[in-house]
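Below is one structure, written out as structure tokens; comments come after it.
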Amino acid sequence: MNDEKKKQALAEEDKRIENSISKIKHRIAVFSGKGGVGKTTVSVNLAYGFQLNGFASGILDADITGPNVAKMLDVKDQVIVLNEKIIPFEKYGVKMISIASLIDPGQPVIWRGPMRSKVINQFLADVDWGELEYLIADLPPGTGDEILTIAQKMKPQYAVIVTTPQDVSVIDAERAINMARKLEIPFIGVVENMSGFVCPHCGAVVNIFGEGGGKRLADEFGVPFLGSIPIDIDARISGDSGKPVVLNKPTGEVSEAFTSIVASIENHFKEEQLSSNAMHADEKQ
Ligand SMILES: Nc1ncnc2c1ncn2[C@@H]1O[C@H](COP(=O)(O)OP(=O)(O)OP(=O)(O)O)[C@@H](O)[C@H]1O
Ligand SMILES: [Mg+2]
């Protein structure tokens, strides 16, 4: 492809992305500095939390080299392409797309940044998301190309930063917050995952990863603290079994924590809508 044609193809892709995201009302990016702190668990349960409240939701697995969303939803099929559009999977009523459904199981994805960004562009431009109230992008750890691409193309209005209470995670989460600010994502909230473990035998709380790191981080940066999710065996089992904990054990402590975080995010968007309505009303007068 010559340069002119390449430029044209990119411009057309951008148009398709614009068209796609114009139909997705609330776009949220979930990231952290550190790996393994629970981004995918949070992404999936937020999406199902919104869905349980009656909002059409989707999950975009933006972790191209370590895609886990398909596993956490037990989706094993390959995607279908229809009329040049990729049809997202629908599991328990939530739409989902992941590179894991486009490659052979267990195969590594050894791609440089631009290739990974290309796949994310395609997930936005060519997946038939339809009308959605919430789309959650589950990002890989760190502050690499994927978050840059999601910020520029998906234009999330909300960044959810996930951290465990422990210092090594909080320090990396600081980077993630600074990244969200640099990328001008308008709103940032912190979730602390893997907080106190409640012993099922004696009921004592054991703070395996320390205590309060997420709240301290949020206070330090002046951003809302959305809540803590305890370490819980059901959260881990649900992740491995492919049924999100908010569906699997809706009355447990973990689900209650997710319900409250979902409510905070919904309230934020509601309030924003109200203030935008009020501004428009003022302008008309
Ligand atoms: N609150 C929790 N209680 C118990 N287990 C949890 C909890 N949160 C996450 N896990 C488990 O910890 C592991 C890591 O979680 P997850 O995959 O969500 O992290 P991640 O930040 O997305 O990781 P990566 O950086 O590799 O993408 C998973 O096995 C998950 O089921
Ligand atoms: Mg993950």
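Just a few scattered comments:
- Put simply, segment 1-53 fits an ellipsoid with semi-axes of 33, 18, 7 Å; these come from the alpha carbon gyration tensor as the roots of five times its eigenvalues, largest first.
- Per-residue extension of 0.36 nm, minus the Cα-Cα distance of Arg16 and Glu271, leaves a gain of 88.8 nm for this segment.
- Spin-label model, Ile80 to Glu184: label points 7 Å out along the Cα-to-beta-carbon direction sit 4.1 nm apart.
- Beta bridges assigned by DSSP with both partners in the chain are antiparallel in approximately 20 percent of cases.
- Helix 253-284 axis, angle to the chain major axis (alpha carbon atoms, nearest 10°): 50 degrees
- When the helices of the chain are scored as -39500 (n - 2.57) per DSSP H run of n ≥ 4 and the total is divided over every residue, the value at 222 nm lands at -14000 deg cm²/dmol.
- For the chain, the convex hull spanned by the alpha carbon atoms encloses 154 Å³ per residue.
- Note on the chain: with a GNM built from Cα contacts shorter than 10 Å, the maximum mean-square fluctuation among Lys153, Lys182, Lys91 falls on Lys182.
- Phi-based couplings in Hz for segment 10-26 (Karplus 6.51, -1.76, 1.60; Gly and Pro marked x): 5, 5, 5, 5, 4, 5, 5, 5, 4, 5, 4, 6, 5, 9, 10, 5, 10
- Summed side-chain charge close to Ala159 - residues other than Ala159 whose Cβ falls under 12 Å, Lys, Arg +1, Asp, Glu -1: +4
- Packing-based ranking, highest mean first, of 96-102, 158-164, 130-136 given that Cβ atoms within 10 Å are counted: 158-164, 96-102, 130-136
- Kirkwood Rh and Cα Rg combined as Rg over Rh, evaluated for segment 72-161: 0.93
- For Glu133, net neighbour charge (Lys/Arg +1, Asp/Glu -1) across residues whose Cβ lies under 13 Å away: +3
- Dipole check for segment 25-279: with +1 at the C-beta of Lys and Arg, -1 at the C-beta of Asp and Glu, and the Cα centre as origin, the magnitude is about 380 Debye.
- Between Asp282 and Ile233, the C-beta separation translates, for a Förster distance of 51 Å, into a calculated FRET efficiency of about 0.45.
- Among Met115, Gly36, Asn193 the positive-end extreme of the charge dipole of segment 25-279 (Cβ point charges): Met115
- Count of Lys pairs (Cα-Cα under 21 Å; at least 8 positions apart or interchain) in segment 106-232: 4
- Checking the cross-link pairs Lys25/Lys85; Lys7/Lys91; Lys95/Lys284; Lys7/Lys243 against a 32 Å limit on the alpha carbon distance flags Lys7/Lys91; Lys95/Lys284; Lys7/Lys243 as lying beyond it.
Just so you know, all these numbers are worked out from the coordinates, no wet-lab data involved. Please read all numbers here as calculations on a predicted model, not as lab measurements. Here the Cβ is made from the backbone with ideal geometry for all residues, glycine too, and neighbour counts use every protein chain on show.
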